Amino acid sequence: MGRNLLTLGSIMRTTTPLLLSLLLAVSLAGCKTLDKKKDEQIQKPEGSLADQSGDVSFQGFVSRLRKAVRARDKRALASMMSMNFGYSWAPGGEGPGVFDYWDNHRLWPELEQTLRQKFVPSGSYMVAPAAVAADPDYSGYRAGLRLVNGSWRFAYFVSAPPAGSN
């Protein structure tokens with residue numbers, strides 16, 4: 001009987017390191033898969049944004065933005081805009097002065113209509129309408145939203161770029 005225990009003990013001593021090595025090899029193989037996924041994310045072209053239209057935070061932001069535009073709530077809109085909000089292709093067409101510009105050019109209805117459209121990714125922005133991303137010659141107004149430090153911001157609302165500016 002003592003001889004069988006000794007044999008069982010020696011078997012355990014030789015197989016335990018083998019089992020641990022096998023377990024370690026399997027777990028490291030799993031890590032390589034995660035590294036490949038991470039590499040794929042890193043290799044994504046810089047400045048491109050995945051479609052965020054299904055994201056809850058994006059949907060919430062768009063909903064609040066649409067509501068603020070309908071109410072012409074300039075205070076709420078200002079808090080949702082990027083610091084260098086673009087509203088005109090003309091020199092000085094970014095930053096402060098956007099609400100006066102919209103009032104003077106009667107752009108509130110156009111803004112409201114544009115924001116009702118579906119947003120799609122285009123570079124580092126989510127843009128509306130979708131035609132902006134699909135058609136380089138799109139000639140209507142367009143709106144762009146962008147992630148800034150993890151928060152959505154209203155980045156621009158402009159007409160088509162002037163001819164010859166592309």
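Going by the alpha-carbon gyration tensor, a ≥ b ≥ c the square roots of its eigenvalues, is segment 71-116 rounded (a/c under 1.5) or, if a/c is not under 1.5, prolate (a/b greater than b/c) versus oblate?
The shape class here is oblate.
Quick one: VAL56, VAL62, VAL120, VAL69, fewest Cβ neighbours within 10 Å first, how do they rank?
VAL56, VAL120, VAL62, VAL69
Could you give the length gained by full extension between ALA76 and ARG64, i.e. 0.36 nm per residue of separation minus their alpha carbon distance, to one decimal place?
That works out to 3.4 nm of additional length.
Please give the contour-minus-distance gain from ASN84 to ALA160: 0.36 nm per residue of separation, less the Cα-Cα distance, rounded to one decimal in nm.
25.5 nm
Using only the Cα atoms of segment 53-166, build the gyration tensor, take square roots of its eigenvalues as a ≥ b ≥ c, and label the shape rounded, prolate or oblate: rounded if a/c is under 1.5, else prolate if a/b is larger than b/c, else oblate.
It is rounded, given that a/c, with a ≥ b ≥ c, falls under 1.5.
Could you give the length gained by full extension between SER139 and GLU110, i.e. 0.36 nm per residue of separation minus their alpha carbon distance, to one decimal place?
My answer for the length gained is 9.1 nm.
Would you mind counting up the charge near SER53? Only other residues with Cβ under 15 Å from its Cβ, with Lys and Arg at +1 and Asp and Glu at -1.
So the surrounding residues net to +2.
All of the numbers you see were taken from the coordinates with simple rules; none came from a lab. What you see is a predicted model, and the numbers here were worked out from it, not measured in a lab. Virtual Cβ from ideal backbone geometry, glycine too; neighbours counted across all protein chains shown.
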